[in-house]
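Worksheet: one structure, shown below.
The values are calculated or read from the model by the stated rules, or taken from the named source; none is laboratory data. Source: prediction; values computed, not measured. Note that each Cβ is placed from the backbone with ideal geometry, even for glycine, and that neighbours are counted across all protein chains shown. What goes into the accessible areas is simple: the full protein's heavy atoms, side chains included, and nothing from ligands, DNA or RNA. Shrake-Rupley method; radii C 1.70, N 1.55, O 1.52, S 1.80 Å.
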Amino acid sequence: MSRADDLPHVPGRRLLLKGALAAGALAATPTVAEAATPAVPPKRAPYVNPLVRNRADPHIHRHTDGFYYFTATAPEYDRIILRRSRTLNGLATAAESVIWRKHATGVMGAHIWAPEIHRIGGKWYIYFASAPAESVWDIRIWVLENSHPNPFQGTWVEKGQLKTAWETFSLDATTFTHRGTRYLAWAQHEPNVGNNTAIWLSEMENPWTLRGPQVRLSTPEYDWECIGFKVNEGPSVIARNGRLFMSYSASATDANYCMGLLTVDADADLMDPANWSKSPVPVFTSNDTTRQYGPGHNSFTVAEDGRTDVLVYHARQYKEIDGDPLNDPNRHTRVQKLGWKPDGTPDFGVPVADTAPQEA
């Protein structure tokens, strides 16, 4: 989710078969009509999908050094990984480093989920969710910091838990700046409220500390947000066309998982929930035609041209899951172009079909 130090900026594999020309030299001499209408190679999807297999909750940050930095949830829920490449497609084969592992006991000892990497004030920060090894569902938000220019080097320092108003289930923190103010958006269970998680927003004092009030922007209310679990989670922000758009994910993490959208005018007070509007229908859902199921927990980045917005998300290639979906490792990272409608709102389209060969 490259944005203003974090928000993506508006300004921007495989090769086509090479044998056609050589084969043509062996064919009969073309007629004038044939020669006047050269064959046009079929247009290929610009990205290889799945981009990175067995990596859920993907986050891609395009940095000023020209690299794309990728992190995501590993299905073992035990570590934080990092890749980088000068191209999005290159992330598929980029070397993967483990930059942090869970603790054997105590805090940060289980359920290492949904890391995001951000560059703030000349340092690298990773936000992630974890629980104590002895109480694996007491999930909270934690922060790592690295002052080295290269996040693969230096030392990742544990800055501790990012404290919110309540000691309740909380996860999926993301940060962005708007008009000089840094914000944190995240998902959390509100005490005495009949849902699993809602989306919250707060200003930040520093990259690991909230400041001032914490406001609820969205809670599960529509049927499509309440299948399996009553969930709003995984917020991500992109600013375009005089507005800020916050996508989020809803329902259980099986084929019912889908994405919703919140919108606020760029001139409005972001901390006033009344200024945010919510789409009554999901904006990105499972698709039987392309055979992609449970798309969600997205981030945003920008293509190599520096102008084209790119949607980053995970999805499975099948609908049927044995047991708890959280134990199924096959949520794969995917990327595709993010379109824009004439009214200036994002056009998510449908999750694209596979372009990479299926693994056996």
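Scanning segment 156-195 for residues that are charged (D, E, K, R) and open to solvent by 20 Å² or more (accessible area, probe 1.4 Å) yields E158, K159, K163, E167, R179, R182, E190. Going by the conditions given, is D322 more than 15 Å from the chain's Cα centre (by Cα) and modelled with pLDDT under 95? For D322, the condition - more than 15 Å from the chain's Cα centre (by Cα) and modelled with pLDDT under 95 - is met.
Can you say whether A266 is hydrophobic (A, V, I, L, M, F, W, C) and at pLDDT below 95, as far as the supplied structure shows?
no
In this structure, is S147 touching a Phe, Trp or Tyr at 6+ places or on another chain (Cβ under 7 Å), farther than 23 Å from P235 by Cα, polar (S, T, N, Q) and surrounded by fewer than 20 Cβ atoms within 10 Å (Cβ to Cβ)? Here the answer is no, as S147 does not meet what is asked.
Only residues that are among the hydrophobic types (A, V, I, L, M, F, W, C) and crowded, with 22+ Cβ neighbours inside 10 Å: list them for segment 65-77, please.
Residues satisfying the conditions are F70, A72.
Under the condition of being under 14 Å from N54 (Cα atoms) and either aromatic (F, W, Y) or open to solvent by 10 Å² or more (accessible area, probe 1.4 Å) (or both), the residues counted in segment 298-331 number 10. Within the set I126, I80, the sole residue that is within 23 Å of I238 (Cβ to Cβ), open to solvent by less than 10 Å² (accessible area, probe 1.4 Å) and part of a strand (DSSP E or B) turns out to be I126.
The residue list T87, T37, T31 contains one member that is modelled with pLDDT of 50 or more, out of contact with any Leu (no Cβ under 6 Å at 6 or more places or on another chain) and open to solvent by 50 Å² or more (accessible area, probe 1.4 Å), which is T87.
Conditions (1) out of contact with any Phe, Trp or Tyr (no Cβ under 7 Å at 6 or more places or on another chain); (2) within 30 Å of R86 (Cα to Cα), marked per residue:
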residue	(1), (2)
D265	yes, no
L270	no, no
Y313	yes, yes
G339	yes, yes
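Residue count for segment 239-263, restricted to those that are in a strand (DSSP E or B), in contact with a Pro (Cβ under 6 Å, 6 or more places away or on another chain) and of a type in the set (V, I, T): 0.
How many residues does segment 211-238 hold that are closer than 17 Å to A114 by Cβ, open to solvent by less than 20 Å² (accessible area, probe 1.4 Å) and either of a type in the set (S, T, Y) or not in a strand (DSSP E or B) (or both)? Can you show your working first?
The first filter runs over segment 211-238 and keeps only residues closer than 17 Å to A114 by Cβ, leaving 229, 231-237.
In the following step, the residues that additionally are open to solvent by less than 20 Å² (accessible area, probe 1.4 Å) were identified as 231-232, 234-237.
Subset that is either of a type in the set (S, T, Y) or not in a strand (DSSP E or B) (or both): 236.
Final tally of qualifying residues: 1.
Within segment 304-323, identify whether any single residue is in contact with a helix residue (DSSP H, G or I) (Cβ under 9 Å, 6 or more places away or on another chain) and part of a loop (DSSP other than H, G, I, E, B), and answer yes or no. Checked segment 304-323: at least one residue is in contact with a helix residue (DSSP H, G or I) (Cβ under 9 Å, 6 or more places away or on another chain) and part of a loop (DSSP other than H, G, I, E, B). Return the pairs, sorted by first residue and then second, in which the second residue is part of a loop (DSSP other than H, G, I, E, B) and open to solvent by 50 Å² or more (accessible area, probe 1.4 Å), the first residue lies in segment 341-355 and is under 18 Å from A266 (Cα atoms), the beta carbons are less than 9 Å apart, and the residues are 6+ apart or on different chains. Sorted first by the residue in segment 341-355, then by its partner, the pairs are D343/N241; G344/N241; T345/N241.
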